[in-house]
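Q: Sharing a structure, written as structure tokens. Questions coming.
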Amino acid sequence: MEPVSGAAGDQETQNKPRHRDVPEHEKEEVRRRTREAYEAMVAEGLKIEAAVLEQRKLVPASTMAMGKLPSPRVGDAREGYCHVCHDDFEEVGKLRMMPCAHAFHQHCIFSRLHVNSVCPVCGYEIMGNEEAILLAREAHARES
């Protein structure tokens, strides 16, 4: 069977300009706009990525903040294991609890906090060295 010519669909197709029928200057304009839109999208994506990386800067916790973390007993911790090393808590090991109530082996969490001041489980941030220095300067200025 041959297709029926003269159908409504055939006329619509015949009336639409074909790609090869579009003048070259219009094609070039479409290419230019597409390229500009793509470049703008890439630039925006790079800005977003830079902002995310800026937020992820590692800030060590202050020694003062780490020293103030409570030392719960094994039975007082809501977890039964350390989320840093994944070993079970033992009665003889010393634990430290973050303000968000996540507990860790002291040596595990202190080694982490010396690099990054956030809880490795939930991201709760304790005071970093920069904040501690600012607070100390403010306290010193008030005393003077």
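Only the coordinates and a few stated rules stand behind these numbers; no lab work does. Being a predicted model, the structure only gives us computed values, none of them experimental. All Cβ positions, glycine included, derive from the backbone under ideal geometry; neighbour counts span all protein chains shown.
Q: Under a 5 Å amide H to amide H cut-off, with H placed in plane at 1.01 Å, what residues pair with TYR81 once short-range neighbours are removed?
A: When sequence neighbours closer than 5 places are left aside, the close amide H contacts are PHE89.
Q: Turning to a different aspect of this structure: Between Rg and the Kirkwood Rh of the range 46-106, both from Cα atoms, what is the Rg to Rh ratio?
A: Across the range 46-106, the Cα-based Rg/Rh ratio is 1.15.
Q: May I pose another question? I'd like the GluC sites (Glu not before Pro) in the range 61-116 restricted to DSSP loop residues with at most 12 other Cβ atoms within 10 Å, sorted by number. Before the final figure, lay out the partial values.
A: Values: sites: GLU79, GLU90, GLU91; in loops: GLU79, GLU90, GLU91.
The qualifying sites are GLU90, GLU91.
Q: At ARG35 and TYR81, where each label point lies 7 Å from the Cα along Cα→Cβ, what is the point-to-point distance in nanometres?
A: Simple spin-label model gives 5.6 nm for this pair.
Q: With r as the distance between the Cβ atoms of CYS122 and VAL92 and R0 = 35 Å, compute the FRET efficiency 1/(1 + (r/R0)^6) and round to 0.05. Can you show the working numbers first?
A: Numbers: r = 27 Å, r/R0 = 0.77.
E(calc), rounded to 0.05, equals 0.85.
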